[in-house]
Every structure is written in structure tokens, then in C-alpha cells.
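Readers should treat all values here as calculations from the given coordinates under stated rules, not as data from a laboratory. Source: prediction; values computed, not measured. Cβ: placed from backbone, ideal geometry, glycine included. Neighbour counts: every protein chain shown.
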Amino acid sequence: MMQQLWFTKKNTLEWRDVPEPTLDGPGQAIVRPLAIARCDLDLPIVQGHTLFRPAFPIGHEMTAEIVSLSESCAGLNVGDQCIVNFQIVCGTCPACATAHSPACSTVPFASNYGLGREATQWGGGVSELVKVPYAEAMLKKIPAGLDPIQLASLSDNMTDAYRTVAPYLRAHPGANLLIVGGVAESIACYAILEAQALGASSITYFDTDRARCDFAASLGAQIQYAEKIPQRLAGAFDVTIDCSGSLEGFRMALRSARPYGKSITVSIFFDNNVPIPFIEMYNKGIDLTISRTHAREQTPELLELIAQKKFDPARVTSRIVDFKDAAEAWLEPGRKLIVRGS
């Protein structure tokens, strides 16, 4: 048996003794988590602000060391330290083969570690061991010299930030960005640093929280603060990125994009009736992207940025705790919590 941390009811986490995972087919791995990061969504889940209902094991952002492998795991060895893809993907189905692994058709749609009751099948990262069913597709070896603790959030929040900035900046170097801060606090911070690494000409950060503004300023963003979210911000923003988690922030980001600009949201609204300024967007030709992150596809690019010292994720980390303290620390507010493995 091993210990695993579960979300059991609102504002409550409990350690459970569960059977250790075993290899039962080709292409599988058992890994020992080295570090587990708390996603920006994890705290709202435990606080009861989402549609995710208990009980299920928690933790989906992680790095880990391979402790055992079944056959047919080319390029992987026991002892390798890896990024663990939080989305369960096979790597070979038509969706995975066309760079849309979040829609992997081999497993039930939206299969993930540590998110929702479906995670009882896959497990959670705050565990002594985790089974990886498609090891070649889901494990990316960490280059020598990089700290697996500071890479824990790479498989979700870092790549979620990356998808908001990288495609546009690669196509339009020197673009200017607006980032609307809020609930997705670490994603907004990662987006600032990644946009700098990719050559944004200016990065404006807006928030109604003074402390978050101060931290964004320390990362190099230009700050706009207000006690209430306005309808729009003055300026001609090529890209607007909503990390607010609020309808007001989402709509402000849409209205603040320049004509034929780009707007991306990482906010998750659990109500299907989300109003948008449709006529204004239509007349201005605003291109809106709503999507989950493509973690598997973007992880290699981000690892390269980090290895080249163009992006330092450690600047966003706010707290690191031991495995035994995870249950208490997980419930406490903070920008980016990381739990050391057992």
C-alpha cells in the first residue's frame, strides 16, 4: 500500500492508503513523483467553486523519476527524471498524430491525473507512486542540469501560458500584449516571462489586486491597476490574454484587442451562457481562442527555452513544502505551491 492525497469534501483533503500501481501491459512506467505543483485551478476546486465534485486523488502537474518499465518503452530507462504529461494520451491515435493530443481517442475524453472523479482511474500526483500508461508519449526526459522541482508546473500551467503567447509572437515578432490577471495567477506570471523570452515589444499587466500588480511589475511588466475592471483599456493591443477568471475581465480583454487582433482566454467558466461583446468583436474582426493546453506538444519547446536560460520558472514559485505537509499547504492561498515528492 502507499499514501495518496484525496479531495474528499469542500475544503477537505485526506491521506488515503491505496494499492501501489503495477505494470500490466507493454509501454507502461511506474514513476516516483519528485515534485508536484498546485495548478491555478486546484484551489478553486477544493474550495467548491467549480463543477468538480469529490472524491478523487489530487495533483496533476508533476515531475518524476522512473522506477520501473514494462517492455516497449524506447528511449526511456529506470532512473530517468521526466516531465509527466498531465493529460492521459497514447501518442499514436489520429488526434495525437495530428498534434491534438488533448483529444486522444484511445482514452475517455479529457482523461487527466488529479482532476475530477475520472482521476480515480489514473491517480493523482500527490502520491508515492504513479502509473504512466503510455510512457513514450507521456514522459519527456529532463535535460541534465535542470531542477525537476522548478519544472513541476511545466506540463500544465507553463504550457497553458505558452499557448497564449508563443504562436502569435512567432508569427509576429515584437507584438504588444495585454495580460489581465486574476484567478489564474501563475499562468499570467509565466506568460509575462515567456513573452519576454519570445521577444514581445511590450507587456501590459492589468489587475484589481495591488499585490499581484506589484509582483507582475517585478517580472518586468508595465502595470495598469484599478479597483474595478473597466469596459476596455486604452491602447492598441495586438494580443490580449485573459487570466482573470471573471466575466468582466474576459470581456475587457476582448474589447481591448486592436482591430483584427488576437484574444485568448485561460479562464474556465462553468456556465455555458457566457455573454461576449459580439457586435464589437464582429466589426473589429477579433480572433478569439478558447482551448485547453496542448501540453505534450508544447513541453519540448518550453524545455528548450528553460535550458537556454531564456525563461526561469523559479521566479514564479512562491512556496516549496515537503510531501508530509501537502494536505495543509494545498489549502492555503499562494501563487505557485510546489510539493517535494515523498
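Odds and ends about this structure:
- Computed per residue of the chain from DSSP H runs no shorter than four, each worth -39500 (n - 2.57), the mean residue ellipticity at 222 nm is -7000 deg cm²/dmol.
- Net charge dipole size for the chain [Lys, Arg +1 and Asp, Glu -1 on Cβ; Debye, nearest 20]: 680
- Sites ARG170 and ALA97 - FRET efficiency at Förster radius 22 Å, r taken between beta-carbons, to 0.05: 0.45
- Of ASN176, MET158, THR289, farthest towards positive along the dipole that unit charges on Lys, Arg, Asp, Glu beta carbons give the chain: ASN176
- Global geometry of segment 158-290, whether rounded, prolate or oblate, following the gyration tensor of its Cα atoms and the 1.5 cut on a/c: rounded
- Rounded to the nearest Hz, the phi-derived 3J(HN,Hα) couplings of segment 107-116 under the Karplus curve 6.51 cos²θ - 1.76 cosθ + 1.60 (θ = phi - 60°) are 10, x, 4, 6, 6, 9, 6, x, 9, x, where x marks glycine and proline.
- Of all DSSP beta bridges confined to the chain, the antiparallel ones make up roughly 55%.
- Qualifying GluC sites (Glu not before Pro) for segment 194-275 [loop in DSSP, other Cβ within 10 Å: at most 11]: GLU227
- Within the same chain, lysines fewer than 8 places from LYS284 are excluded, and of the rest, those with a Cα less than 28 Å from its Cα are LYS228, LYS262.
- Radius of gyration, Dmax [segment 265-342; alpha carbons; angstrom]: 18.7, 55
- Legend: residue pairs LYS10/LYS140; LYS9/LYS140; LYS141/LYS309; LYS131/LYS324, Cα-Cα distance threshold 24 Å; pairs beyond threshold, LYS10/LYS140; LYS9/LYS140.
- Seen against the Cα atoms of the chain and their longest principal axis, helix 185-197 is set at about 80 degrees.
- Helix 247-256 and the long axis of the chain differ in direction by around 50°, with both axes built from C-alpha atoms.
- Most tightly packed first, judged by the mean number of other beta-carbon atoms within 10 Å of their residues, the peptides 332-339, 287-294, 175-182 read 175-182, 332-339, 287-294.
- Per-peptide average of other Cβ atoms within 10 Å, ordering 92-98, 271-277, 204-210, 58-64 highest first: 58-64, 204-210, 92-98, 271-277
- Simple label model, 7 Å out from Cα along Cβ direction - ILE223 to ASN77, nm: 4.9
- For the chain, the longest principal axis of the C-alpha atoms and the axis of helix 295-307 are separated by about 80°.
- Note on the chain: GNM, Cα springs under 10 Å; of GLN224, GLN298, GLN196, the largest mean-square fluctuation is that of GLN224.
- For segment 46-150, chymotrypsin sites (Phe, Trp or Tyr not before Pro) meeting the loop criterion (DSSP other than H, G, I, E, B) and having at most 12 other Cβ atoms within 10 Å: PHE109.
- Charge sum, other residues only, whose C-beta stays under 13 Å from ALA257's C-beta, Lys/Arg counted +1 and Asp/Glu -1: +2
- In a simple Cβ point-charge model (Lys, Arg +1; Asp, Glu -1; nothing else charged), segment 158-290 has a dipole of about 340 debye relative to its Cα centre.
- Between the residues GLY25, PRO133, LEU115, the greatest Cα displacement towards the positive end of the dipole of segment 1-133, with unit charges on the Cβ of Lys, Arg, Asp and Glu, is found for LEU115.
- For mean projected area of the Cα convex hull in nm², calculated from these coordinates, the label among (1) 20.3; (2) 16.4; (3) 17.4: (2)
- Charge dipole of segment 274-335 (Cα centre as origin; +1 on each Lys and Arg Cβ, -1 on each Asp and Glu Cβ, all else neutral): 120 debye, rounded to the nearest 20.
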